[in-house]
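Okay, structure first, notes after.
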Amino acid sequence: MPIPHPALTLGIEEEYLLVDRRTRGLVADPPGSILERCQRLLGDRVAPEFLRSQIEIGTAVATGIPEARDQLRELRTVVAESADREGLAIIASSTHPFGHWRDQLPTPKERYEALAKDMGAVLAHLLIGGMHVHAGIDDPDLRVDLMAQVSYFIPHLVALSTSSPYWDGVDTGLQSYRKSVFKAMPRTGIPPRFVTWSEYERHTAALVEPGVIEDATKIWWEIRPSARYPTLEFRACDVCPDIEDSLTIAALYVSLLRMLWRRRVENQRWRLYEPFLIEENVWRAQRYPLAELTLVDFGWQELRPYRDLMTELVELVLPDAEALGCEAEVTRVSEIIERGTSADTQRSTYDRAVAGGADHSAALVAVVDELIERTHAHLG
């Protein structure tokens, strides 16, 4: 029986933070008119998040990167304009440079109240946002097979997205502190390896049937089969201020999936490695800036520069990017590596402000200003 070609349709979710344009601080209790206007114009493509200072958007199913770009611009534009009407702005950053979780208010919603009861202080600390990319794969067995193989590349994608170097006004020394915060949650990290869909369902049922979790939406691996859609949901990345960075990551993800499917058709497979080995590379990706980053090449059993690994990876998936119509986005990886991620830009903004005479607080305000400008760039 021929292996079915995965649809690889796209869906992108992003979580934004609401900030006061005057103070640049987080808005713990924003006016309800913001979400009301967004939902009137966008329907269920916009939703509240656990904290009131957050707002989430999600595209409808897109057939490719151009359609995803149009939707992402529309969604950001409506949310940004709705916030601006109330003197607020949005930032697409996985942490706020000086916001504190103790100052935030939870959204009054039954699901979030239940989570708060289950998680306690762990959930209260989640003043973080991320980007999720859904890739349509109708065949459930193919879904779990590709999940096992593409997990190897989680660190490679994480490194392109980092936008959370600051936490509670402190430079953490990490590129993505968001990942360290999120790891306090249960059922996170690299997923186990499943051979078939039925095996995945049996393991999920082992937690659902005794009432440990309500359903598979309470499993928060870096990548998982979506519990709502026939998709493989990539959840590992920070949210990017630059829309084009988000699209580059999405394009690389679906191109990787197509490459792995193509190799499978040719009776080839990507070698599987134990999750703890992949976690080591995830740590390196969240810790080091791209200019310094090396990842373990487990095939060669040596540390190699990230730049070299990505040059090889882009070349490997280029035929698949061309087939999917996203060659330009995938080759743009080199641009991100050359200039750095948002984490690098935030630090350079802070350093320039300090060099110009700003104190610590004023320099962090300058970082927020840069995030506002980058998040709102190229909108309609």
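No lab work stands behind these numbers, since they all come straight from the coordinates. From a predicted model like this one, the values you see are computed outputs, not experimental measurements. Cβ coordinates were reconstructed from backbone atoms using ideal geometry, including for glycine residues, and neighbour counts include every protein chain displayed.
Beyond 17 Å, what percent of the Cα pairs of the stretch 131-271 remain?
Details: 6193 of 9870 pairs.
I get 63 percent for the Cα pairs in the stretch 131-271 exceeding 17 Å.
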Self-check item: Calculated Rg and Dmax of the stretch 205-257 using C-alpha coordinates, Å
Solution: 14.3, 44
Quiz item: On a 0 to 90 degree scale, rounded to 10, what angle separates helix 342-355 from the longest Cα axis of the chain?
Solution: 30 degrees
Quiz item: Given a Förster distance of 25 angstrom, what is the FRET efficiency for Lys109 paired with Asp168, based on the Cβ-Cβ distance and rounded to 0.05?
Solution: 0.50
Quiz item: Taking the stretch 103-143 as the region of interest, what is the percent of Cα-Cα pairs per 10 angstrom bin, listed from the shortest bin to the one with the maximum distance?
Solution: 21, 35, 21, 22, 2
Quiz item: Could you state the number of Å between the C-alpha centres of the stretch 304-380 and the stretch 73-136?
Solution: 22 Å
Practice problem: Note the angle between two axes, namely the Cα long axis of helix 360-376 and the longest principal axis of the Cα atoms of the chain, as a number of degrees from 0 to 90, rounded to the nearest 10. | Solution: 60 degrees
Quiz item: Among Arg22, Arg224, Arg69, whose mean-square fluctuation peaks in a Gaussian network model of the chain (Cα, cutoff 10 Å)?
Solution: Arg22
Practice problem: When a/c is below 1.5 the answer is rounded, else prolate if a/b is larger than b/c, else oblate, so apply that to the stretch 286-343 with a ≥ b ≥ c taken from the square roots of the Cα gyration tensor eigenvalues. | Solution: oblate
Quiz item: Which residue, chosen from Leu318, Gly99, Leu232, occupies the Cα position most advanced towards the positive end of the dipole of the chain, where the dipole is computed from +1 (Lys, Arg) and -1 (Asp, Glu) charges on Cβ about the Cα centre?
Solution: Gly99
Exercise. Quick one: angle between helix 32-42 and the longest Cα principal axis of the chain, in degrees between 0 and 90, rounded to 10, please.
Key: 40 degrees
Practice problem: Under 1.5 on a/c is rounded, so check that first for the stretch 337-380, then, if it is not, pick prolate when a/b is larger than b/c and oblate when it is not; a ≥ b ≥ c are the square roots of the alpha carbon gyration tensor eigenvalues. | Solution: oblate
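Charges at C-beta only: +1 for Lys and Arg, -1 for Asp and Glu. How large is the resulting dipole of the chain about its Cα centre, in Debye rounded to 20?
Details: 41 positive and 58 negative charges, 86 e Å.
That gives a dipole near 420 debye.
Kindly identify the stretch 241-349 as rounded, prolate or oblate by the Cα gyration tensor criterion: order the square roots of the eigenvalues as a ≥ b ≥ c, call it rounded if a/c is under 1.5, otherwise compare a/b with b/c, prolate if a/b is larger, else oblate.
Details: a/c = 2.16, a/b = 1.18, b/c = 1.83.
Taking the square roots of the gyration eigenvalues as a ≥ b ≥ c, the stretch 241-349 is oblate.
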Quiz item: Who wins for biggest fluctuation among Ser361, Ser226, Ser255 in a Gaussian network model of the chain, springs between alpha carbons below 10 Å?
Solution: Ser361
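Could you list Lys109, Lys179, Lys218 in order of exposure, starting from the residue whose Cβ has the fewest other Cβ atoms within 10 Å? Working shown, then result.
Working: Lys109 13, Lys179 26, Lys218 18.
Fewest-to-most Cβ neighbours within 10 Å comes out as Lys109, Lys218, Lys179.
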Quiz item: At each listed q (0.06, 0.10, 0.12, 0.14 Å⁻¹), what is the log10 of I(q)/I(0) that the Debye formula gives for the chain modelled as equal alpha-carbon point scatterers?
Solution: -0.21, -0.62, -0.91, -1.27
Quiz item: Of the residues Glu14, Glu280, Glu370, which exhibits the maximal mean-square fluctuation in a Gaussian network model of the chain defined by a 10 Å Cα contact cut-off?
Solution: Glu280
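Please report, to one decimal in angstroms, the Kirkwood hydrodynamic radius of the stretch 244-296 built from all distinct Cα-Cα pairs. Display every interim value, and only then the final one.
Values: mean 1/r = 0.0756 Å⁻¹.
About 13.2 Å for the stretch 244-296.
In whole Å and largest first, what semi-axes does the C-alpha gyration tensor of the stretch 44-187 yield when each eigenvalue is scaled by 5 and square-rooted? Write down the numbers at each step before the final one.
On the way: eigenvalues 133, 93, 62 Å².
Result for the stretch 44-187: semi-axes of 26, 22, 18 Å.
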